[in-house]
Amino acid sequence: MQKRGRPKKVRYIQKMPKVILFSPRGKPGRPDEILLSIDQYEALKLADFQGFDQTQGAIVMKVSRPSFGRILRSARKNVADALVNGKIIKIGIGDTQIGVRSKEFISMREIGILKERRSADRRQFDRRTDPQPESPDQNMAE
């Protein structure tokens with residue numbers, strides 16, 4: 001069956017995780033598994049481990065802020081389910097396209113520069129698309 005809708009945007013990660021499987025101890029038998037996608041892993045790492053806010057994390061992963069929030073919420077739900085119910089957490093690529101960044105991490109200064117650039121681009125776009133208000137002089141000449 002073909003996937004419907006718009007294809008997912010490439011999500012950038014800083015580097016692949018060294019450990020891809022976490023298993024609970026003390027639960028008899030083979031516990032259920034939960035797949036934590038690599039973009040969910042990256043969102044958790046950026047927000048909860050490195051302390052980025054959602055806007056900064058979205059800039060690093062090159063996704064929108066709402067998308068970053070959805071990815072992060074889904075990741076937290078999966079990890080909580082695994083911890084509470086004693087499930088194995090398996091980190092995998094899943095159905096997303098991943099672009100690995102060559103840098104170890106993006107500095108807060110670079111994030112600030114990117115934020116400024118985005119807002120400047122947005123202001124420039126708004127100026128081009130907003131209709132210019134008619135000046136009062138034009139109305140009086142008619």
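In table form, for the structure just shown:
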| quantity | calculated |
| --- | --- |
| Subset tally (residues that are of a type outside the set (A, V, I, L, M, F, W, C), buried (at least 17 other Cβ atoms within 10 Å of the Cβ) and closer than 27 Å to R30 by Cα) for the range 58-82 | 1 |
| The range 26-42: number of residues that are within 19 Å of L83 (Cα to Cα), touching a strand residue (DSSP E or B) at 6+ places or on another chain (Cβ under 9 Å) and not in a strand (DSSP E or B) | 7 |
| Condition check for S23: surrounded by 15 or more Cβ atoms within 10 Å (Cβ to Cβ) and among the hydroxyl-bearing types (S, T, Y) | no |
| Unmet criterion (only one of (1) surrounded by 13 or more Cβ atoms within 10 Å (Cβ to Cβ); (2) at pLDDT 65 or above; (3) in contact with a Lys or Arg (Cβ under 9 Å, 6 or more places away or on another chain); (4) closer than 28 Å to F22 by Cα) for R101 | (2) |
| Some residue of the range 52-62 being of a type in the set (F, W, Y) and part of a loop (DSSP other than H, G, I, E, B) | yes |
| Per-region count, the range 12-25, residues closer than 14 Å to G92 by Cβ, modelled with pLDDT under 85 and assigned to a strand (DSSP E or B) | 1 |
| Pairs, first in contact (Cβ under 8 Å) with a residue 40 or more places away in the chain and among the β-branched types (V, I, T) in the range 7-36, second part of a strand (DSSP E or B) and surrounded by fewer than 14 Cβ atoms within 10 Å (Cβ to Cβ), C-beta under 6 Å, six or more apart | V10/G99; I13/V100 |
| Flag for K45 being of a type in the set (K, R), surrounded by 14 or more Cβ atoms within 10 Å (Cβ to Cβ), modelled with pLDDT of 90 or more and outside any loop (DSSP other than H, G, I, E, B) | yes |
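The values are calculated or read from the model by the stated rules, or taken from the named source; none is laboratory data. These figures come from a predicted structure and were not determined experimentally. Every residue, glycine among them, receives a Cβ derived from its backbone with ideal geometry; neighbour counts consider all protein chains shown.
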